[in-house]
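The values are calculated or read from the model by the stated rules, or taken from the named source; none is laboratory data. These numbers were taken from a predicted model, which means no experiment stands behind them. Because the Cβ atoms are built from the backbone with ideal geometry, glycine has one as well, and the counts that use them run over all protein chains shown. Heavy atoms of the whole protein, side chains included, go into the accessibility calculation; ligands, DNA and RNA do not. Shrake-Rupley method; radii C 1.70, N 1.55, O 1.52, S 1.80 Å.
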Amino acid sequence: VTVSDPYRWLEISTSPATQIWSREEDHLAREYLDSLPGRRTLRKRMMQLYAAPSVSLPIPAGGRLFYSRLLPGHEKPVFYWSAESGGPDHVLLDPNMLAGSKAAAVGDTYPSPDGLTWAYSLKQNNADEAVLHVRDVRKGKDYPLDVIPGAGFADLAWTPDHRGFYYT
């Protein structure tokens, strides 16, 4: 069975034809959206709501809570851990401070069951494609050898001894 796919060429984002098409579509959409009545008022209200602080649901692991918090003035949420019993927040990762942070976003996060290690995916330009990183929670540093490219849609499960993981 032959299936027609006349837009497959658009999947090659680096091709000049795709880039031209994208610029032209962006221009058309921008002209239309900018002409909508009430758009400025709606945009202003949406920005007010987006600027409100928010906190994710905490994930308990090994006596710690792992969560993110979006603060006013920040484009991306900051990731923290704290003791389940209370205590100060510890910054685990602030994507706003990464080199090229305008283009980097954190995807999924996976604390190990013992709470000592934290895996996370980093996406450049908010793309689907991602690189998986593994961080030592106590030191707040990534393990330099545990960098796994091509993990855009990876799902991760820690091994029972918490020393490794499987991903698909």
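On a full-extension model of 0.36 nm per residue, what is the gain between ALA51 and SER82, subtracting their alpha-carbon distance, rounded to one decimal in nm?
8.8 nm
Skip the ligands, DNA and RNA, and give the accessible area per residue of region 26-168 with a 1.4 Å probe, whole Å².
For region 26-168, the per-residue accessible area is 65 Å².
From Cα pairs below 8 angstrom and at least 6 apart in sequence, can you work out the relative contact order of the chain, rounded to a whole percent?
Once divided by the residue count of the chain, the mean separation gives 10 percent.
At a 1.4 Å probe radius, which order do PHE153, PHE66 fall into by accessible area, largest first?
Correct descending sequence by accessible area is PHE153, PHE66.
For region 132-155 and region 1-71, what is the centre-to-centre distance using only Cα atoms, to the nearest Å?
After rounding, the separation between the Cα centres reads 25 Å.
For ARG8, ARG64, ARG163, give the ranking by accessible area with the largest first, probe 1.4 Å.
ARG163, ARG8, ARG64
Spin-label point model (7 Å from Cα, Cβ direction): what's the GLU31 to ASP155 distance in nm?
Spacing of the two 7 Å Cα→Cβ label points: 4.4 nm.
Once a ≥ b ≥ c are taken as the square roots of the eigenvalues of the Cα gyration tensor of region 4-96, is the result rounded (a/c under 1.5), prolate (a/b larger than b/c) or oblate (a/b not larger than b/c)?
oblate
At 1.4 Å probe size, with no ligands or nucleic acids counted, give the accessible surface of LEU28 in Å², nearest ten.
100
With N denoting the number of residues in region 86-168, provide Rg(C-alpha) divided by 2.2 N^0.38 Å, to two decimal places.
1.09
Kindly express, to the nearest 10 degrees and within the range 0 to 90, the angle between helix 16-35's C-alpha long axis and the longest C-alpha principal axis of the chain.
80
Please list the non-local residues whose amide H lies under 5 Å from the amide H of VAL137, H modeled 1.01 Å from N, same-chain partners needing a gap of 5 or more.
Amide H neighbours of VAL137, under 5 Å, 5+ apart: THR117, TRP118.
Highest mean first, what order results for 119-125, 57-63 on Cβ atoms within 10 Å?
Descending packing order for the listed peptides: 119-125, 57-63.
So how tilted is helix 39-50 from the main axis of the chain? Cα-based, degrees 0 to 90, rounded to 10.
10
Using only the alpha carbon atoms of the chain, find the Kirkwood hydrodynamic radius as the inverse mean reciprocal pair distance, in angstroms to one decimal.
Final number for the Kirkwood radius of the chain is 18.9 Å.
Considering the dipole of region 31-94 built from charges on the beta carbon (Lys and Arg +1, Asp and Glu -1) around the Cα centre, which of GLY63, LEU33, LEU92 is farthest to its positive end?
After comparing all options, I get LEU33.
Go through region 129-146 residue by residue and turn each phi into a ³J(HN,Hα) via Karplus (6.51, -1.76, 1.60, θ = phi - 60°); whole Hz please, and just put x for glycine and proline.
5, 9, 10, 8, 10, 10, 10, 7, 5, 5, 8, x, 10, 6, 6, x, 8, 9
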